[in-house]
Amino acid sequence: MLDDFFQPPLHFKVAEPWMWETPVSPAEETLVERAVDKRKREFRAGRNAAHSLFNQLGINHPHLLKATQREPAWPAGWVGSISHTQGICVVVLASTCHAASVGLDVEQATPLNPDLRDMICRPEELAQISRLRAEHGAALAYEKLIFSAKESVHKAYFPLNHHTLDFLDARIDLEWSSQSFVASILNPEPAPKHPVARFEGRFLFHQDWIFTLIVNTAPKSPG
Ligand SMILES: CC(C)(COP(=O)(O)OP(=O)(O)OC[C@H]1O[C@@H](n2cnc3c(N)ncnc32)[C@H](O)[C@@H]1OP(=O)(O)O)[C@@H](O)C(=O)NCCC(=O)NCCS
């Protein structure tokens, strides 16, 4: 199932149990030295999984540190994304020949906290969700899917522009039959370095989780 979702030219790795427990390089460990155990475990899972991919691909990048904020400083020639939630951590990697940025998010497939609904979802998205509930059943966590898609937007957008969009700055249009979505950036910052009007993404409900993925294939504008 995940092999179909993360198709070549993407490379992906689901963290193995030992990866959550095993410390990474001293330089990487410094990034979480004051963190609580849960944060150390998820960080190690992501880093160990990333290093497993680097080894597999012959990439020499001994320390996967942070770039400007929390986004990983990927090796030259590669872009990627990390997501962890209870029970799973996934890393995805793509060559810059194939993608300018990648956004991956994995969430528990449980209902979004109703108090957050109007902070996350635009009215058009709520209307869309009402239609989907009628057509495909009430049980699925549609609002959480919108949330996850927007987290993927952030992870694909931020490394290009170093700007954090608000959840209401983007609109997700779901295409249920193809398990895909379009994310329209409605309110970008005034002078983005790499303007983005829309991203195309895919989603998957698998086991306990919702996966959303954006592979931004638009050429990166110079500068
Ligand atoms: C940063 C954020 C996306 C993390 O999401 P999360 O669901 O809590 O956690 P995940 O496990 O899925 O993702 C965490 C990973 O994302 C990556 N990440 C963090 N900040 C990032 C950024 N600015 N850009 C790209 N990737 C980032 C990191 O690899 C991080 O893991 P690590 O610290 O162990 O390396 C989220 O906390 C956040 O700040 N969201 C607000 C911004 C937003 O989503 N706006 C909506 C735009 S439409």
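What follows is calculated from the coordinates using simple rules that are stated; it is not laboratory data. All figures in this text were calculated on a predicted structure; none of them were measured in a lab. Backbone-built Cβ (ideal geometry, glycine too); neighbour counts: all protein chains shown.
For trypsin sites (Lys or Arg not before Pro), no site in the range 149-186 is both called loop by DSSP and has at most 11 other Cβ atoms within 10 Å. The range 55-96 and the range 199-216 have Cα centres separated by 18 Å. When the pairs 13/193; 40/155; 144/193; 38/193 are compared against a 28 Å limit on Cα-Cα distance, 13/193; 144/193; 38/193 fall above it. The C-alpha atoms of the chain define a longest principal axis, and helix 142-161 lies at about 50 degrees to it.
In sequence order, the range 78-85 has phi-based couplings of 9, 10, x, 7, 10, 9, 9, 8 Hz under the Karplus curve 6.51 cos²θ - 1.76 cosθ + 1.60, θ = phi - 60°, and Gly or Pro positions carry x. Once the Cβ-Cβ distance of residue 97 and residue 134 is raised to the sixth power relative to R0 = 41 Å, the FRET efficiency obtained is 0.45.
Using the Karplus relation 6.51 cos²θ - 1.76 cosθ + 1.60 with θ = phi - 60°, the per-residue 3J(HN,Hα) values for the range 100-106 come to 8, 6, 9, x, 10, 9, 10 Hz, with x marking Gly and Pro. When the Cα positions of 164, 206, 176 are compared along the charge dipole of the range 111-207, 206 comes out farthest toward the positive end, with charges on each C-beta of Lys, Arg, Asp and Glu. At a Förster radius of 30 Å, what calculated FRET efficiency corresponds to the Cβ-Cβ distance of residue 177 and residue 27, to the nearest 0.05? Once the sixth-power term is evaluated, E becomes 0.05. The mean sequence separation of alpha-carbon pairs under 8 Å and at least six residues apart, normalised by the residue count of the chain, gives a relative contact order of 18 percent. Restricting to Cα pairs below 8 Å that are 6+ residues apart, what does the relative contact order work out to for the range 2-99? Please round to a whole percent. In percent, rounded to a whole number, it is 35. Summing Lys and Arg as +1 and Asp and Glu as -1 over all other residues whose Cβ lies under 9 Å from the Cβ of residue 165 gives a net charge of -2.
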